[in-house]
Amino acid sequence: MKKIKIILVGKGSFIATYINKYLKNKLSIRHVSLEKFLSMRTEAIKKFNFLCNCAVNKKYQSDSYSTKNDFDLKIINKINKINIKYIFLSSRKIYKNGKNLHENDKKQPTDNYEKNKLITEKFIKQTMPNNYIILRISNIIAPPIKNRRKVTINFIDNFFYYFSSNKIIKYKNYFKDFLSIKQFISIFFQILKKDIVGTYNVSLGKKVYIKELLKWLTKNKKHNFIPLKKFNDNDSFYLNNTKLTKKLGISILKRDLKNYCLKIKI
């Protein structure tokens, strides 16, 4: 099989950093900043099969939609006449919270970041209808990377911060949908190999309660995380991943997530 060639945009990105780390020996990867990519010549870009943007503007995350804050828009305007497949990293938060959420289920983003993601999704589908892969990703578990330009603070960032503090942290024992970074990278690699098109949930597809995830991460060491006995469960969710797993012919297992968490050094 001819070696897959991909451009990763987002030099300090959490996901791009891990993709590059785990797949650099399997793929031909050009990992660049947004500024560097926008200066690349068309002939250089044509040498690649895929482009995945992992860079995010802080104002895209915090403010109402504006074209000037949409990095994906800038990239697509540069490549829309080039035969290269665009991978857009979307969010599970575009859905209304609930169980077993499918790709065509109700969209109800509650903050500007997720509203902006949905707007960008629609633009991508209209602009390059046969040349996109939209990945609606659940929570990813991996040791944080140091990045002064970091935009998003996620579950694992908060876990490391609060585990090392002396504060008592009371939490709501919601169930969520988590993937280890190794599971995500494995899925990502299969997506490139199969060269699929469309919109897909990238998820474990099963309930993972915060209490059991904390148990795996702490390895039963002494910690200050205390579950609340009573709370309104208005934030639980998990995604249905059947569309993707059938397309790729893979299984995504909860025990693999557990084993990965047990190996994370804290």
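The values are calculated or read from the model by the stated rules, or taken from the named source; none is laboratory data. Being a predicted model, the structure only gives us computed values, none of them experimental. To get the accessible areas, we keep the full protein, side chains included, count just its heavy atoms, and leave off ligands, DNA and RNA. Shrake-Rupley method; radii C 1.70, N 1.55, O 1.52, S 1.80 Å.
Okay, helix-only estimate at 222 nm for the chain: each DSSP H run of n ≥ 4 adds -39500 (n - 2.57), divide by all residues, round to 500 deg cm²/dmol; what do you get? Mean residue ellipticity, 222 nm, calculated: -10500 deg cm²/dmol. Entry comment: accessible area of region 1-140 is 50 Å² per residue, from protein heavy atoms only and a probe of 1.4 Å.
Can you classify region 55-122 as rounded, prolate or oblate using the Cα gyration tensor, where a ≥ b ≥ c are the square roots of its eigenvalues, rounded means a/c under 1.5, and otherwise it's prolate if a/b beats b/c and oblate if not? Oblate, because a/c is 1.5 or more while a/b does not exceed b/c. Axis angle, to the nearest 10 degrees, between helix 181-194 and the longest C-alpha principal axis of the chain: 30 degrees.
Scalar couplings 3J(HN,Hα) for region 199-214, obtained by applying the Karplus form with A = 6.51, B = -1.76, C = 1.60 to θ = phi - 60°, are 10, 9, 6, 10, 7, 5, x, 9, 6, 10, 6, 4, 4, 6, 5, 5 Hz; x denotes Gly and Pro. On a per residue basis, region 147-266 carries 56 Å² of accessible surface, using protein heavy atoms and a 1.4 Å probe. Shown for the chain: the carbon plus sulfur share of the solvent-accessible area, taken with all protein chains present and a 1.4 angstrom probe, equals 47%.
Separation of the alpha carbons by more than 29 angstrom is noted, of Lys211/Lys263; Lys36/Lys146; Lys107/Lys172; Lys5/Lys117; Lys21/Lys170; Lys85/Lys243, for Lys21/Lys170. Pick the calculated Rg/Rh (Cα atoms, Kirkwood Rh) for this structure from (1) 1.02; (2) 0.96; (3) 1.06? Comparing each candidate, only (2) matches the computed number. The alpha carbon gyration tensor of region 179-266 gives principal lengths a ≥ b ≥ c with a/c of 1.5 or higher and a/b no greater than b/c, which makes the shape oblate. Short-range pairs are left out: with C-alpha atoms under 8 Å and at least six residues apart, the relative contact order of the chain is 19 percent. Region 231-255 and region 52-70 have their alpha-carbon centroids 27 Å apart. Taking every DSSP beta bridge that has both ends in the chain, the antiparallel portion is near 10%.
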